[in-house]
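Down below is the structure, laid out as structure tokens.
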Amino acid sequence: MTVNPLYHHTHERLEEEQVWIQQAKSNPELFGPLYKKYHEPIFRYIHQRMDDTEMAFDVTSQVFMKALKNIHKYENRGVPFGSWLYRIAKSELYQSFRDKQALRTVNVESVTLFEMMDEMDEDQSEINKKILFRALGKLKEEPLQLIEMRFFERRSFKEIGEILDITENNAKVKCFRALEKLKKYFHEK
Amino acid sequence: MTNRKMNLDRPNLNSEQISARQNFDQVLSKHLLSKPPVWKSPWFWGPTGLASIGIALFFSVNYLNSQNETHDKTNTLAIKDLPKDTECIHPPIEGEDVPFQTFEVNPNKNEEIILPSGTKIEIPKESLLPENRNESVEIEVREFPDKVSAFLAGIPMDYQKEDAFISAGMIEIRGKQNDQVVEINSEEPIKIDMRLTKNPAGFDFWSLNETTKDWTKHPVKYELNHQKEESKLSLNKPTEIKKQIANIDKQIIALDQSKSEVQKPSAESFKIPNESHQKFDLDFNKKTYPELAKFENLVFEILPTSGYDKNFTKKTWSDVKLEKNKDAYEMIFTATSEKLRLPVRPVLQGKELTEAQKEFDLAIASFNETIAEIERNKSVLQKQKEAYQKALMGDLAALNEKLVSSPSDNGTASFQVNQWGVYNCDKPSKYPAAMKNEPFFVWENSSTSADFSQIFVFNLDKDLRFNYGERAIHPISNFGFHANDDLVIFGVERGGDFGICELKSGKSKSIISKIIFKKGESGESVRDLLNKLMNETVSV
């Protein structure tokens, strides 16, 4: 279970990151600190949705290559650098699914299922755990992505909105609908 | 997605395993190898293209400037024409604003206005500077004796971005003649004796800067015994005096009882460690202890400081288990010939500890404040009692001399104003930390989420209002609350729909949560509803 600590930056850390970005724009060799900082969260984002660990490392490398190639296009206009990287990661990830190189995987932890049962006002039982696990498998891709980001990765609505390129409020409404859909599948016999 | 695999509890890679696979040099070399030839690179075409664009821009800007010399002037005029209204005071609910009381005064006479609360406004004859001295001036006044009225009037109650205000009394005063603002003579300021709703000890006095929406300190003098004149009651009958003493005794007992009921926050309940105790990091099964699963940086502290072999850490144990009995935890160490049971408690470390410590400090400050207020009120009552007892013995003069104001009377704030606006006796208090994950705001008995543009959190224990969203310093994503206090949360949608939610103290700030709002009915008085809710919640 990963909370995304990098999203909740202090002002000083954000300023420091902006300096790194400017330096990396003029010299790709200075991209190192950004790579070091975001390698693990980007890898975890990809690995969460992939079965093959080696493939997840490869896709992570591709994400950073793409980021290096396009960093001159990045401007800090409301979307934090981390969210910009997640957008690239999402694109690369789905490209790998389309190319049939990787298998879309949903990785769920029991503890998250129990927390979700609590959220859904359902009894925390082993039977319900199995039903919820099955219900998650029935979700379409869009609501599944939202459930993954909100409940498995515990991202804020603001960050979800930035990654999916929608407003914070839209992210909130969509997450709520995804949860309602999940509840519907949960109660289906 | 047709082809999808579902995994349950796949082992996670740890940070060391992931960082061991970092290879920036490889990423960089691949990136450099994938670079296009120089003539295809933007670095080649960039300067050429930029130079062309620059030349074109230079000529077009020069051309435009020569054609349009008045352009800048037009812009300046547009800025000057912007509305002067700063929207500093903006009622959140349409039709629920707090009305002004209007008084007509003669600018050529010394005038005095006494409000129903007892607040006195003295306007010297040279104080008002209207265009026409032969016409009366309208003085508009409204007081905000409680948090509901300040909220409904839309008075901004944030101070320097980090704090909210606890108010002990607030007044807004304006003056106009034929809808034109009347200036105040700075040599002859208006004098106001504002009745306070709380004892002003520890409070400062402020005026609202309506341009910056912030508060600046304003000179004031507090008077706690203004009721002395009114207190010269006809208490010359012993039965009446005895009745008063009995009444005071009852109030003192009630205060003692409420003091005994105020619970001092314990470091244990905030999971704050005790430095002198031994601690352990234990990888426990989060499924078995879901109540602990939400904490990231958890260690276990051994409760006794003595009575066990502290060298047990040097022994080899074949098994270590965590067991729970009601709310207590026990760690069991097992070896072939020995078993050690140690009571433990989970404690926080790192960032979570820092946050918990902040919340604990706030809870302690709130506790101390409550106790101090009870003590102050008790001391006032005891002095009153002494004065009545002396009066019983025939010393009525002493009664009139020494009788002090009752706890419900917190005195007055005397100040002078030479600018219309809002004046406030207040004390800043910190905003709660934002929740790690913003909760869902959901309508009761509905499957729709509420689309609030503004959220107001009334902390009933601390007598504070925290504002989030439009027109507030804090965005809704910063939403947070003090989990150990009684709260009333009020949300307003852009269309004007509003919802209310009560949260009793002790609601845990769970990581994943939703807050259910009851929809306000149209025609319902928000003022009555909030007042009722707050009074009910307080009495629980």
### Among (1) within 23 Å of A:K184 (Cβ to Cβ); (2) over 18 Å from the mean Cα position of the chain (by Cα), the one test that A:F157 misses
(2)
### Task
Tell me, please, whether a residue that is closer than 20 Å to B:F270 by Cβ and in a loop (DSSP other than H, G, I, E, B) can be found in the range B:321-334.
yes
### Task
Among the residues of the range B:418-464, write down those that are more than 14 Å from chain A (Cβ to nearest Cβ), aliphatic (A, V, I, L, M) and part of a loop (DSSP other than H, G, I, E, B).
B:L460
### Query
Just wondering, is there one or more residues in the range B:343-352 that are surrounded by 12 or more Cβ atoms within 10 Å (Cβ to Cβ), β-branched (V, I, T) and closer than 23 Å to B:S269 by Cα?
yes
### Task
Tell me which residues, restricted to the range A:41-50, are of a type in the set (A, V, I, L, M, F, W, C) and touching a residue at least 24 places away in the same chain (Cβ under 8 Å).
A:I42, A:I46, A:M50
### Task
Please work out if A:E119 is within 13 Å of chain B (Cβ to nearest Cβ) and within 17 Å of the chain's Cα centre (by Cα).
no
### Query
Does A:K138 count as within 11 Å of chain B (Cβ to nearest Cβ), in contact (Cβ under 8 Å) with a residue 60 or more places away in the chain and open to solvent by 20 Å² or more (accessible area, probe 1.4 Å)?
no
### Task
Could you tell me which numbered condition A:T53 fails, if it satisfies all but one of (1) under 23 Å from B:L33 (Cα atoms); (2) of a type in the set (S, T, N, Q); (3) free of Cβ contacts under 8 Å to residues at least 24 places away in the same chain?
(1)
### Message
Criterion first (open to solvent by 60 Å² or more (accessible area, probe 1.4 Å), without any contact (Cβ under 8 Å) to a residue 60 or more places away in the chain and within 16 Å of the chain's Cα centre (by Cα)) does A:E126 satisfy it?
### Response
no
### Message
Suppose the filter is open to solvent by less than 20 Å² (accessible area, probe 1.4 Å), modelled with pLDDT under 90, under 20 Å from the mean Cα position of the chain (by Cα) and hydroxyl-bearing (S, T, Y); does A:Y74 pass it?
### Response
yes
### Task
State all residues of the range A:119-140 that are part of a loop (DSSP other than H, G, I, E, B) and closer than 10 Å to A:Y185 by Cβ; if no residue qualifies, say none.
A:L139
### Task
Among the residues of the range A:18-40, write down those that are closer than 30 Å to A:F152 by Cβ, within 11 Å of chain B (Cβ to nearest Cβ), in contact with a helix residue (DSSP H, G or I) (Cβ under 6 Å, 6 or more places away or on another chain) and free of Cβ contacts under 8 Å to residues at least 24 places away in the same chain.
A:G32, A:P33, A:E40
#### Entry: Test set (1) more than 14 Å from chain A (Cβ to nearest Cβ); (2) modelled with pLDDT of 75 or more - B:L32 fails condition number
(1)
### Summary
Apart from one, (1) closer than 16 Å to A:E159 by Cβ; (2) at the interface with chain B (Cβ under 10 Å from one of its Cβ atoms) all hold for A:N76; the odd one out is (2)
### Task
Restrict the check to the range B:54-69 and report whether at least one residue is under 30 Å from A:F31 (Cβ atoms), open to solvent by less than 100 Å² (accessible area, probe 1.4 Å) and either part of a helix (DSSP H, G or I) or modelled with pLDDT of 70 or more (or both).
yes
### Task
Taking only the range B:141-153 into account, find how many residues are assigned to a helix (DSSP H, G or I) and open to solvent by 50 Å² or more (accessible area, probe 1.4 Å).
1
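The values are calculated or read from the model by the stated rules, or taken from the named source; none is laboratory data. Only a predicted model underlies this, so the values are computations on that prediction, with no experimental measurement involved. Cβ atoms come from the backbone with ideal geometry, glycine included; neighbour counts cover every protein chain shown. Areas reflect the complete protein model, heavy atoms only, side chains present, ligands, DNA and RNA absent. Shrake-Rupley method; radii C 1.70, N 1.55, O 1.52, S 1.80 Å.
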